């Protein structure tokens with residue numbers, strides 16, 4: 001049974017690259033039904049990577065989490 005819906009990783013970087021996503025991509029191979037992949041980081045703006053991984057600045061993540069917008 002695959003009950004994992006979200007995969008979240010934190011990175012202490014101001015710019016997330018494809019190399020930073022190796023762990024999440026490996027996890028996705030073992031759990032292909034993960035609905036959303038999220039990297040929390042020090043970037044100034046939210047964006048999506050080419051594979052659909054959401055990149056969120058830590059402040060925006062905290063605001064969305066507190067506002068009930070993520071889960």
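Annotations for the structure displayed:
- Residue check for residue 57: modelled with pLDDT of 95 or more and within 14 Å of residue 9 (Cα to Cα): yes
- Residue count, the range 47-71 (criterion: surrounded by 13 or more Cβ atoms within 10 Å (Cβ to Cβ) and either assigned to a loop (DSSP other than H, G, I, E, B) or in contact with a helix residue (DSSP H, G or I) (Cβ under 8 Å, 6 or more places away or on another chain) (or both)): 4
- Tally of residues being at pLDDT 95 or above and in a strand (DSSP E or B) across the range 9-36: 2
- In summary, residue 4 fulfils each of the numbered conditions (1) surrounded by 12 or more Cβ atoms within 10 Å (Cβ to Cβ); (2) at pLDDT 95 or above; (3) part of a loop (DSSP other than H, G, I, E, B) with the single exception of condition (2).
- Summed over the range 16-26, the residues that are touching a strand residue (DSSP E or B) at 6+ places or on another chain (Cβ under 8 Å) and under 16 Å from residue 57 (Cα atoms) give a count of 3.
- All positions within the range 21-46 that are exposed (fewer than 14 other Cβ atoms within 10 Å of the Cβ) and in contact with a helix residue (DSSP H, G or I) (Cβ under 6 Å, 6 or more places away or on another chain): 46
The values are calculated or read from the model by the stated rules, or taken from the named source; none is laboratory data. Everything numeric in this text was worked out from a predicted model, so none of it was measured. Using ideal geometry, Cβ is built from the backbone for each residue, glycine included, and neighbour counts are taken over all protein chains shown.
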